[in-house]
1. What is the percent of Cα-Cα separations in segment 116-158 that go past 15 Å?
2. Counting only heavy atoms of protein chains, what accessible area per residue, in Å², does the chain have with a probe of 1.4 Å?
3. Could you compute the FRET efficiency for LYS171 and LEU127, with r as their C-beta to C-beta distance and R0 at 35 Å, rounded to 0.05?
4. Within the set LYS19/LYS153; LYS66/LYS129; LYS129/LYS153; LYS129/LYS170; LYS129/LYS166; LYS41/LYS66, which residue pairs have Cα atoms separated by over 30 Å?
5. Mind giving me the nanometre distance, one decimal, between the label points for LYS150 and GLU26, set 7 Å out from Cα along Cα→Cβ?
6. Using the Cα centre of the chain as the reference point, and only Cβ charges (+1 on K/R, -1 on D/E), how large is the resulting charge dipole? Debye, rounded to the nearest 20.
7. For the chain, what does -39500 (n - 2.57) per DSSP helix run (n ≥ 4), summed and divided by total residues, give at 222 nm, in deg cm²/dmol to the nearest 500?
8. Ignoring ligands, DNA and RNA, how do THR133, THR139 rank by accessible area with a 1.4 Å probe, largest first?
Amino acid sequence: MYRFYVSGKTNSVILNFDKSLISLIEWYQQLLSESLGKKGKGFFPIISNLPKDNHSLMQLYLDGNKNCFFTFFDVIDANSPKIKNKILDNFKYLKGHSLQSIKLAQKQATQIVFKSKKIPFRSFEILKKNEETLGELFTFFMLETILLGKMMKINPFDQPAVELIKKETKKILV
């Protein structure tokens, strides 16, 4: 991430492929922006929910400004139901596939296109949604943020600009 930062790629687009991860991803967004958004520095973490955003933002991601790098988040769920119902002729290739396998194919296709266009990304695939995995992810992102703060020569443990708003709010209310 530091390499992205020094090369001007400061928009951190978080591609969320699983709705159940939204709380984790919002926490990560807050951690990254509060901890590193200081002294004219930092990343701008943007949450993008997929596959919905394939129809609204993907064009921009693929052919727009090149100041972004991407982080894929997904949960691998083998117990997803298969599509059995009648399907329109144009979509018969979906029949017999689970929603998970279709989503996975779309994520893989997105990563193939990102690679071909040399768009930087990393990917986190959660195999087990449990306390241990969540703890590992929290630890990873906290350590990553602390190390980025050190490399960027900023203190990731305070938020002086937010304190200004708290003080002004208190003045208005008192």
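The values are calculated or read from the model by the stated rules, or taken from the named source; none is laboratory data. Computed from a prediction, not measured in an experiment: that's the story for all the values here. Every residue, glycine as well, gets a Cβ built from its backbone with ideal geometry; the counts of neighbours run over all protein chains shown. The area values use the complete protein model at the heavy-atom level, side chains included, leaving out ligands, DNA and RNA. Shrake-Rupley method; radii C 1.70, N 1.55, O 1.52, S 1.80 Å.
1. 60
2. 65
3. Once rounded, the FRET efficiency stands at 0.10.
4. Where the Cα-Cα span goes over 30 Å, the pairs concerned are LYS19/LYS153; LYS66/LYS129; LYS129/LYS153; LYS129/LYS170; LYS129/LYS166.
5. Rounded to a tenth, the inter-label distance reads 3.2 nm.
6. Dipole magnitude for the chain comes out near 480 debye.
7. Helix contribution divided over all residues of the chain: -14500 deg cm²/dmol.
8. Ranking THR133, THR139 by accessible area, largest first, yields THR139, THR133.
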